[in-house]
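What follows is a single structure, written as structure tokens, with notes after it.
The values are calculated or read from the model by the stated rules, or taken from the named source; none is laboratory data. Quick caveat: nothing in here was measured; it's all calculated off a predicted structure. Every residue, glycine as well, gets a Cβ built from its backbone with ideal geometry; the counts of neighbours run over all protein chains shown.
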Amino acid sequence: MNWGFDAGGLGSATNPLRVAIVGSGPSGFYAAEALFKSPLTVRVDMIERLPVPFGLVRYGVAPDHPKLKQPTLVYDKIAQSPGFTFLGNVTVGRDVSLEQLQSTHHAVLFACGAESDRRLGVPNEDLAGSHTATEFVGWYNGHPDYRDRSFDLSSEVAVIIGQGNVAIDVARILSKSVDELRHTDIAEHALDALADSRVREIHVVGRRGPAQASFTSKELRELGELRGCVTGVSANDLQLNSACLTELEDKNNFNAARNVETFQSWTTHSATADDKRIWFHFLQSPVVMTGKFRLEQITLERNRLTGPPFGQLARGTGETLDLRCGLLFRSIGYRGLPLWGVPFDEAKGVFPNTAGRIGGAPGLYAAGWIKRGPSGIIGTNRADAVATVQSLLADLTHLDSRPREGTQGLYAAMARGNSQVLSYADWRCIDAEEQRRGAAMGKPREKITRVRDMLAVLGARPT
Ligand code: NAP
């Protein structure tokens, strides 16, 4: 590739390429890594609205899956790269504008994820007792935005709408005993509430069939291995049409074939009275939630599949059934949020882009979920971020090459605001404090769940 690199030119030691990365989750760190691997001299300012880094790895990965958090060790190394600066507790659009970022940097790369949720669009979706999975996941993971949510876990029956890995995480956290969770980094407020949970029966409802469920087969199988919990599915629900059989014969679709095998092994089961139960239902879509003051029932409509293999859609049959429940989680996928000044695709909830170039033009870039939507595992974001950085580097000759102030310019712009900007060294202090608190409780860490308490840790830091 021709990098457009010359002495004194953009990307040289005297005129480093200055990139502002918005968001400090996986795709932000992988984008920073890819930029540092280029032969150019690069400076990266990573801007994060929370005081602490790591986005979905810290606040999305389930506490009982610590291995999935190991990428933070890589991110920590990337943060040590010369030319990397972390600016936590800074919200783009509030503390600093997009225009300011564009004036202090040669390029702005958005890696801000998908912070909102898709809507089901059924009546009474927001009835008390009906929550998004995002709220619940954020709450048990100690996300400051969800710290003060409360979940009434007094109902014996919970329903989860959607059949992806987030639905599995929610089902597993509801099913495990607090003794199994106690030594994870689950937030203590969540552990206390779960200790009093009366949830015993969890229904995981999909609008399409077992062959279309988007669970990863390993995660699904794990549910069948939980102590004191039985997984079940009706054999009737596993009858497959010819298009489903064609889908399962495709060797690239082995994950779905394994899922169906797992479901088949769950049609017979023996549960004791004490066991919790996770029940899978297919070909059912919510049509209305009802309840006088809070959720009491969900009405589901039976679906049938129409369309060719890999293009099958759920169509309602008009046949309905009612399911009594006092707790419900909508786990039907995340959605990106718009940002003033950046093009936004309302239907998809992403920043529309071509190979990471927002609006198809040089200057603004996207990586990760805000680029392609909420799909894939953490590692998927590496190739995605690398591809975006390749686009950025290929655009070098089209970027305004005048030297930029970078970090200093950003600090000067923000001096007009009130926010306390946190550095990576500040995160290290918070991290050490969380680990110290966790060690006292036999946990890897006890997350600090309020922004003011994070800032207080730094206030108490010896100077
Ligand atoms: P997902 O995998 O996209 O699953 C969303 C589910 O919601 C699908 O079953 C989808 O059904 C259903 N759905 C969407 N709209 C619906 C509607 N209007 N009515 C009923 N159902 C609807 O999303 P996710 O579970 O939120 O996960 C997001 C990403 O994070 C995924 O890539 C996932 O693998 C990843 N993740 C990974 C892990 C892990 O590796 N341990 C853990 C958590 C999350 P259709 O198929 O019919 O659209």
Limited to segment 314-342, what total is found for residues that are within 15 Å of the ligand (Cβ to nearest atom) and within 25 Å of the chain's Cα centre (by Cα)?
-> 9
When you go through (1) surrounded by 15 or more Cβ atoms within 10 Å (Cβ to Cβ); (2) more than 16 Å from the ligand (Cβ to nearest atom); (3) in a helix (DSSP H, G or I) one by one for residue 199, which number turns out not to apply?
-> (3)
Quickly run through segment 51-88 and pick out the residues that are in contact with a strand residue (DSSP E or B) (Cβ under 6 Å, 6 or more places away or on another chain), crowded, with 20+ Cβ neighbours inside 10 Å and farther than 14 Å from residue 25 by Cα.
-> 84
For segment 313-325, indicate whether the set of residues that are surrounded by fewer than 21 Cβ atoms within 10 Å (Cβ to Cβ) and assigned to a loop (DSSP other than H, G, I, E, B) is non-empty.
-> no
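In the set 273, 347, which member is free of Cβ contacts under 8 Å to residues at least 60 places away in the same chain, surrounded by fewer than 20 Cβ atoms within 10 Å (Cβ to Cβ), within 16 Å of the ligand (Cβ to nearest atom) and more than 25 Å from residue 211 (Cα to Cα)? Working first, answer last.
Working: 273 fails: within 16 Å of the ligand (Cβ to nearest atom).
Residue meeting the stated conditions: 347.
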Would you pick out the residues in segment 128-155 that are more than 17 Å from the chain's Cα centre (by Cα) and of a type in the set (Phe, Trp, Tyr)?
-> 151
Selection within segment 265-309 - touching a helix residue (DSSP H, G or I) at 6+ places or on another chain (Cβ under 6 Å) and either of a type in the set (A, V, I, L, M, F, W, C) or within 21 Å of residue 235 (Cα to Cα) (or both) | 267, 276, 278, 282
Out of all the residues in segment 182-194, is one or more touching a residue at least 24 places away in the same chain (Cβ under 8 Å), in contact with a Ser or Thr (Cβ under 7 Å, 6 or more places away or on another chain) and of a type in the set (Gly, Ala, Ser)?
-> yes
Within segment 357-378, how many residues turn out to be within 16 Å of the ligand (Cβ to nearest atom), surrounded by fewer than 17 Cβ atoms within 10 Å (Cβ to Cβ) and without any contact (Cβ under 8 Å) to a residue 60 or more places away in the chain?
-> 2
For segment 130-150, enumerate the residues that are aromatic (Phe, Trp, Tyr) and either touching a residue at least 40 places away in the same chain (Cβ under 8 Å) or within 12 Å of the ligand (Cβ to nearest atom) (or both).
-> 136, 139, 140
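Specify which of the listed residues (207, 182) is more than 16 Å from the ligand (Cβ to nearest atom), among the basic types (Lys, Arg) and at pLDDT 95 or above.
On the way: 207 fails: more than 16 Å from the ligand (Cβ to nearest atom).
Just one listed residue meets the conditions, 182.
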Scan segment 60-83 residue by residue and report those that are closer than 16 Å to residue 427 by Cβ and away from the ligand (no atom under 16 Å from the Cβ).
-> 73, 74, 75, 76, 77, 78, 79, 80, 81
Subset of segment 5-50 that is at positive phi and at pLDDT 95 or above - its residue that is surrounded by the most Cβ atoms within 10 Å (Cβ to Cβ) = 23
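Can you find a residue that is part of a loop (DSSP other than H, G, I, E, B) and within 16 Å of the ligand (Cβ to nearest atom) anywhere in segment 27-48? Even if it seems obvious, please write down each step before you answer.
We begin by selecting, within segment 27-48, every residue part of a loop (DSSP other than H, G, I, E, B); these are 38-41.
The next check asks that each one be within 16 Å of the ligand (Cβ to nearest atom); those that pass are none.
Taking every residue of segment 27-48 in turn, none turns out to be part of a loop (DSSP other than H, G, I, E, B) and within 16 Å of the ligand (Cβ to nearest atom).
Among the residues of segment 57-72, is there at least one that is at pLDDT 95 or above and closer than 22 Å to residue 19 by Cα? Walk me through how you get there before you give the answer.
Going through segment 57-72, the residues at pLDDT 95 or above turn out to be 57-72.
Now drop any that are not closer than 22 Å to residue 19 by Cα, which leaves 72.
So far as segment 57-72 goes, yes, one or more of its residues are at pLDDT 95 or above and closer than 22 Å to residue 19 by Cα.
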If we keep just the residues of segment 278-301 that are assigned to a strand (DSSP E or B) and of a type in the set (Phe, Trp, Tyr), which is nearest to residue 316 (Cα to Cα)?
-> 280
Give 238, 191, 226, 153 a once-over and let me know the one that is surrounded by fewer than 20 Cβ atoms within 10 Å (Cβ to Cβ) and within 16 Å of the ligand (Cβ to nearest atom).
-> 226
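Output the residue which, of all residues in segment 156-169 that are of a type in the set (Val, Ile, Thr) and within 9 Å of the ligand (Cβ to nearest atom), is farthest from the chain's Cα centre (by Cα). Explain how you work it out, then say what you get.
Step one: of segment 156-169, the residues of a type in the set (Val, Ile, Thr) are 157, 159-161, 166, 168.
Okay, now just the ones that are also within 9 Å of the ligand (Cβ to nearest atom), so 161, 166, 168.
Working: 161: 17, 166: 9, 168: 14 Å.
Applying the filter and picking the extreme gives 161.
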Could you tell me which numbered condition residue 172 fails, if it satisfies all but one of (1) in contact with a helix residue (DSSP H, G or I) (Cβ under 9 Å, 6 or more places away or on another chain); (2) among the charged types (D, E, K, R); (3) more than 18 Å from residue 279 (Cβ to Cβ)?
-> (3)
